[in-house]
Amino acid sequence: MLSIKTLVDLAIDEDPRSPCLWVPSEHWADFCAAIRRTPNLIGAVIYRDKTIRDGGPDTDIMTGSDVTGRRR
């Protein structure tokens, strides 16, 4: 099974132009620990020049393009 950090890296590689990405809540703490960062005041971390946020429970890893419906 792939780690959450690896899955985030794959999502970033698949959609490199997206400025942001959401990680499922159940993996958020593991992701932050894996990259050795803590969320800022608005609850986001910057990783590989992307704003990464907690996407809520039972969600998929989504990029900004996935959320807005724009084609990549």
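Under 25 °C and 0.890 mPa s, how fast does the chain diffuse according to Stokes-Einstein, given a Kirkwood radius computed over C-alpha pairs? Answer in µm²/s, whole number. Before the final figure, lay out each step's value.
Working: Rh = 12.1 Å.
Translational diffusion coefficient: 202 µm²/s.
Leaving ligands, DNA and RNA out of it, report the carbon-plus-sulfur percent of the accessible area of the chain at a 1.4 Å probe.
53
Determine which residues of the range 32-65 fall in the zone a paramagnetic label at residue 14 would reach in this model, i.e. backbone nitrogen under 16 Å from the point 7 Å along Cα→Cβ. What the label zone holds, given the 16 Å backbone N cut-off, is 59-65. Placing +1 on the Cβ of every Lys and Arg and -1 on the Cβ of every Asp and Glu, with nothing else charged, gives the chain a dipole about its Cα centre of roughly 340 debye.
Note on residue 48 and residue 33: the model spin-label points, each 7 Å out from Cα along the C-beta direction, lie 2.1 nm apart.
Annotation for residue 3 and residue 41: the two label points, set 7 Å from Cα along the Cα-Cβ direction, are 3.1 nm apart. Accessible surface area normalised per residue over the chain is 67 Å², counting heavy atoms of protein chains with a 1.4 Å rolling probe.
The values are calculated or read from the model by the stated rules, or taken from the named source; none is laboratory data. Given the structure is predicted, the values throughout are model-derived calculations rather than measurements. Positions of Cβ are backbone-derived with ideal geometry, glycine not excepted, and every protein chain shown enters the neighbour counts. Quick note on the areas: whole protein, heavy atoms, side chains included, nothing else; ligands and nucleic acids left out. Shrake-Rupley method; radii C 1.70, N 1.55, O 1.52, S 1.80 Å.
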